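**Q** Please find one structure pasted underneath; my questions will follow.
The values are calculated or read from the model by the stated rules, or taken from the named source; none is laboratory data. Bear in mind the structure is a predicted one, so any value in this text is a computation, not a measurement. A quick note on method: Cβ atoms are made from the backbone with ideal geometry, for glycine too, and the neighbour counts reach across all protein chains shown. Only protein heavy atoms, including side chains, enter the accessible area calculation; ligands, DNA and RNA are left aside. Shrake-Rupley method; radii C 1.70, N 1.55, O 1.52, S 1.80 Å.
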Amino acid sequence: MKHLFFLIIILSATSGIFAQKASVKGLVSDAYTNQPVPFVNIIVYQSTQGTITDTLGQFDLKGVKAGFIRLQLSSLGYKPLITEELNISQIRNNYFEIKLESSSESLEEVQVTASPYVVKPEAPVSLRRIGIDQIEKSAGANRDISKVLQSFPGVGSASTFRNDLFVRGGGPSENRFFIDGIEIPNLNHFTTQGASGGPVGILNVDFIREVDFYSSAFPVSKGNALSSVFEFKQVDVQNDKPHFKGTLGASEVSLTTTAPLSDKTGLIASVRQSYLQFLFDGLGLPFLPTFTDFQFKTKTRIDTKNEITFLGVGAIDKFKLNKNAEPTEENNYILNYLPVNNQWNYTIGAAYKHYLERSYLSVFVSRNHLNNEVFKYQDNIETPENLLTDYNSDEIENKLRVEYTARPNDFTINVGMGAQYVQYFNQTYNKIFEDGEPNEINYSSDLDFVKWSMFGSVSHPFINNRLTLSAGLRLDANSYSDKMNKLLDQFSPRIAASYMIVPDFYFNMNVGRYYQTPAYTTMGYRNNNGDLVNKNNGLKYLQSDHLVGGLEFRPNQRTKVTLEGFYKVYDDYPFSVSDSVSMASKGGDFGIFGDEEVTSTSRGKAYGAELLIRTRTINGLNLIAAYTYVRSEFSDWEDKLVPSSWDSRHLFTFTGNKGLGKNWDLGVKWRFVGGLPYTPYDYDQSSLVLAWDAQNRQYLDYSQFNTQRLASFHQLDLRVDKTWYFKKMTLGFYIDIQNLYNQQAEQPPQLIQELDGNNQPIIINPEAPIEEQRYALKELNSTSGTILPTVGLMIEF
């Protein structure tokens, strides 16, 4: 390690000698016709360096300093534009395709100025854009997009070691993710089936150009979400010379390549392999995970009217128990209850776009598949009589979506329809303890059904561009049951408005209704007789109504301040029959979410306010300060509203990034999360031998559901980057320190067995009948959190 730091010092001392300039090329075209736009003025944002497009809409901007830049574009008859951050390299072809929207011909309208912050008429509230510079340089994130998202208002997380996202008081199962218009159901390795969380993100950020994050006002074309929608836009694929990028991080090694496949087609592809198992083994942890993932994209520009993109994302996750871990009480406890969980998943898809006269047609086709395997043996001895859990499941979706987008006479119109063919398979064996006696769940489920949808939206500016109105609707249905097969039963209208009170000061609002299908694990759940229990219980779509309003202030071109209030009402949410709690409070742990009997009888609400301040200074300082007050409540078994598991109340994040000169960058993030509610354990039931042996951990007392609350948690992360630009190579180095001052996060108390001198559990009444015998248990209080320094190396050539 000391030799590495010595090399860094030497390279830093000579960095000025190797400073390189780059060329930025691209094509500027009309967003709706795809026709090239000639004579567009293009400058590097906040500089005087620039060029113009030629008669074919092409540009070549030379002598640009390598690193992150923005381009500012202006042309007569088109709205001015400031692009997102672009990552410029001196060794590869920096090619970008940029779309411009035509402007109104009226001379009386309010002058439109370009803003570096995204503005969409259908989502004047609850929309944030995340640039690649924030993803690459974010402190504490290790280039993991899920962790970067936690810097934005309304986004909470339940632990320091998972990527579960609960947005504005909603659960982690209420989010949806799209890449270039293709939905990817699984964003994380070792994902919680039926939800979306996991410990490590799947996406390679080398592919990402920008991310649009909606916490309400969802696009009508993106359904099946109650809390958030994420749209990932990938980098433009080049058909020029190949290049490679290798990354060596704290937990994985990756290789990314771009290469031409023909004169019209380019490819970008990557593979990552983790070595977490070696790190965890060295730390003496009781579990050893490892993962592999892949990602690719090709784009073919058939002609000026037609283009097609193919993409794929996939992962293989392997997991085993470390029986040689240090035999601490906590490690022994984890080894006794933690199951082995192996997964693989993939998404492949194609997006075809055909341009017409001031409009275009988009067709999206995709297939995704998740296989999830979970098993557990008593005392981790793999014999048939010791089997506690044996679970194997497949979720398969085949999707088609067609959209037509047009802009006639300053109206923006989007209409379309979609269809899905869903297959779900499940083989479950599980020993349980219920109604005072041991029992077994043993069933097979084979389910298939069809989903269909229709949607449309229209927006238009009024009062000389001071007022913009947008209206949309969406209808969803499926063939699962007669409770879900009528489109009008899932009628989802929405309205949005933005009014400029005075220049640079706006009032924005949105109201809408949204529907989401229950998890496939819930829809496919059967009893031991093979009955679809939840279908017989009248399972319905989940429903949520959103009302959002707020003020927006743009004191200058680089700063944006927003204050938003939100109110969400939930209805027909699944309610757990066995635990008598709303399923809205589940899904934030490893394993399986929704695989149980439910009724569609839970209701809830989430409400609060968000303050966001974003600014970028001329000297390279990028600041985000975000505060959220949020309450989240769902009905209990008495139909009373009680705090959900995501009722954190207070969220605050401060994020800062600063270029220090000579290609040094400093990033800092401080995050405060209010204490989350939790349910105390049921000592009486947990101590029963037959009960404990069924799951090897404590049972919760759901009669006291979420009556306790953890202490608040805060954490400081720090990151330092250094990049060297050589003639034929770029070398990047970073050190990222998470939890710099070693803050400990309180965890709910656990019960563990007391052991005798032979390391065997103590039964306090061995002479009693087996159904009355009890283990001696004691409380284990633990915390999570440690100073976690990581070092990364990136080489591009």
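**Q** Could you list all residues from the stretch 160-183 that are outside any strand (DSSP E or B) and farther than 25 Å from SER582 by Cα?
**A** Keep residues of the stretch 160-183 that are outside any strand (DSSP E or B), which gives 160-165, 168-174, 180-181.
ASP180, GLY181 - these are the residues of the stretch 160-183 that are outside any strand (DSSP E or B) and farther than 25 Å from SER582 by Cα.
**Q** Of all residues being over 23 Å from GLN193 (Cα atoms) and open to solvent by less than 20 Å² (accessible area, probe 1.4 Å) in the stretch 312-330, which is modelled with the lowest pLDDT? Just the residue, please. Steps first, answer last, please.
**A** From the stretch 312-330, those over 23 Å from GLN193 (Cα atoms) are 322-330; that's our starting set.
With open to solvent by less than 20 Å² (accessible area, probe 1.4 Å) added as a condition, the list becomes 322, 325.
Details: ASN322: 89, ALA325: 84.
Restricting to residues being over 23 Å from GLN193 (Cα atoms) and open to solvent by less than 20 Å² (accessible area, probe 1.4 Å), the top hit is ALA325.
**Q** Could you check the stretch 315-336 and list, in sequence order, the residues that are in contact (Cβ under 8 Å) with a residue 60 or more places away in the chain and in a strand (DSSP E or B)?
**A** ALA315, ASP317, PHE319
**Q** Within the stretch 657-679, work out how many residues are of a type outside the set (A, V, I, L, M, F, W, C) and within 30 Å of ARG709 (Cβ to Cβ).
**A** So the count comes out to 7.
**Q** Further question: Pick out the one residue from GLY757, GLY785 that is modelled with pLDDT under 90 and surrounded by 17 or more Cβ atoms within 10 Å (Cβ to Cβ).
**A** GLY785
**Q** Tell me yes or no: at least one residue of the stretch 663-670 is touching a residue at least 60 places away in the same chain (Cβ under 8 Å), of a type in the set (A, V, I, L, M, F, W, C) and open to solvent by less than 30 Å² (accessible area, probe 1.4 Å).
**A** Taking every residue of the stretch 663-670 in turn, none turns out to be touching a residue at least 60 places away in the same chain (Cβ under 8 Å), of a type in the set (A, V, I, L, M, F, W, C) and open to solvent by less than 30 Å² (accessible area, probe 1.4 Å).
**Q** It is to be established whether one or more residues within the stretch 717-734 are in a strand (DSSP E or B), closer than 30 Å to THR328 by Cα and touching a residue at least 60 places away in the same chain (Cβ under 8 Å). Quick ask: steps written out before the conclusion?
**A** Narrowing the stretch 717-734 to residues in a strand (DSSP E or B): 717-725, 730-734.
Among the residues that remain, those that are also closer than 30 Å to THR328 by Cα are: 717.
From what's left, touching a residue at least 60 places away in the same chain (Cβ under 8 Å): 717.
Yes, that holds for at least one residue.
**Q** In the stretch 688-704, which residue that is open to solvent by less than 30 Å² (accessible area, probe 1.4 Å) and aromatic (Phe, Trp, Tyr) is farthest from LEU780 (Cα to Cα)?
**A** TRP692
**Q** Of the residues PRO766, PRO748, PRO789, which is in a strand (DSSP E or B), out of contact with any Pro (no Cβ under 6 Å at 6 or more places or on another chain) and not hydrophobic (A, V, I, L, M, F, W, C)?
**A** Within the list PRO766, PRO748, PRO789, the selection yields PRO789.
**Q** With (1) at pLDDT 90 or above; (2) open to solvent by 10 Å² or more (accessible area, probe 1.4 Å); (3) among the aliphatic types (A, V, I, L, M) as the list, and ILE182 as the residue in question, which single condition is left unmet?
**A** Failed condition: (2).
**Q** Given (1) under 27 Å from SER29 (Cβ atoms); (2) out of contact with any Gly (no Cβ under 8 Å at 6 or more places or on another chain), where does LEU335 come up short, assuming only one miss?
**A** With (1) under 27 Å from SER29 (Cβ atoms); (2) out of contact with any Gly (no Cβ under 8 Å at 6 or more places or on another chain) applied to LEU335, the lone miss is (1).
**Q** Which residues, taken from the stretch 562-603, are under 25 Å from the mean Cα position of the chain (by Cα), at pLDDT below 95 and open to solvent by 30 Å² or more (accessible area, probe 1.4 Å)?
**A** LYS586, ASP589, PHE590, ILE592, ASP595
**Q** Has the stretch 632-641 got at least one residue that is under 30 Å from GLU552 (Cβ atoms) and either part of a strand (DSSP E or B) or touching a residue at least 24 places away in the same chain (Cβ under 8 Å) (or both)? Quick ask: steps written out before the conclusion?
**A** We begin by selecting, within the stretch 632-641, every residue under 30 Å from GLU552 (Cβ atoms); these are 632-633.
Narrowing the set further to residues that are either part of a strand (DSSP E or B) or touching a residue at least 24 places away in the same chain (Cβ under 8 Å) (or both) leaves 632-633.
Checked the stretch 632-641: at least one residue is under 30 Å from GLU552 (Cβ atoms) and either part of a strand (DSSP E or B) or touching a residue at least 24 places away in the same chain (Cβ under 8 Å) (or both).
**Q** Can you name the condition, by its number, that ALA711 falls short on among (1) open to solvent by 30 Å² or more (accessible area, probe 1.4 Å); (2) small (Gly, Ala, Ser); (3) part of a strand (DSSP E or B)?
**A** Only one criterion in (1) open to solvent by 30 Å² or more (accessible area, probe 1.4 Å); (2) small (Gly, Ala, Ser); (3) part of a strand (DSSP E or B) is unmet by ALA711, namely (3).
**Q** Let me ask something additional. Scan the stretch 481-503 for residues that are under 29 Å from LEU532 (Cβ atoms), in a strand (DSSP E or B) and open to solvent by 30 Å² or more (accessible area, probe 1.4 Å) and jot them down.
**A** Of everything in the stretch 481-503, just one residue is under 29 Å from LEU532 (Cβ atoms), in a strand (DSSP E or B) and open to solvent by 30 Å² or more (accessible area, probe 1.4 Å), namely PHE491.
**Q** Taking the options ILE737, ILE770, ILE764, name whichever one is touching a Lys or Arg at 6+ places or on another chain (Cβ under 6 Å), hydrophobic (A, V, I, L, M, F, W, C) and open to solvent by 20 Å² or more (accessible area, probe 1.4 Å). Spell out the reasoning first.
**A** Working: ILE737 fails: touching a Lys or Arg at 6+ places or on another chain (Cβ under 6 Å); ILE770 fails: touching a Lys or Arg at 6+ places or on another chain (Cβ under 6 Å).
So the residue among ILE737, ILE770, ILE764 that is touching a Lys or Arg at 6+ places or on another chain (Cβ under 6 Å), hydrophobic (A, V, I, L, M, F, W, C) and open to solvent by 20 Å² or more (accessible area, probe 1.4 Å) is ILE764.
**Q** Of everything in the stretch 689-740 that's of a type in the set (Val, Ile, Thr) and in contact with a strand residue (DSSP E or B) (Cβ under 7 Å, 6 or more places away or on another chain), which residue is farthest from ASN93 (Cα to Cα)?
**A** Here the answer is VAL689.
**Q** Hey, any hits in the stretch 732-755 for a residue that's closer than 29 Å to ASP390 by Cα and in contact with a helix residue (DSSP H, G or I) (Cβ under 6 Å, 6 or more places away or on another chain)?
**A** Scanning the stretch 732-755, I find at least one residue that is closer than 29 Å to ASP390 by Cα and in contact with a helix residue (DSSP H, G or I) (Cβ under 6 Å, 6 or more places away or on another chain), so the answer is yes.
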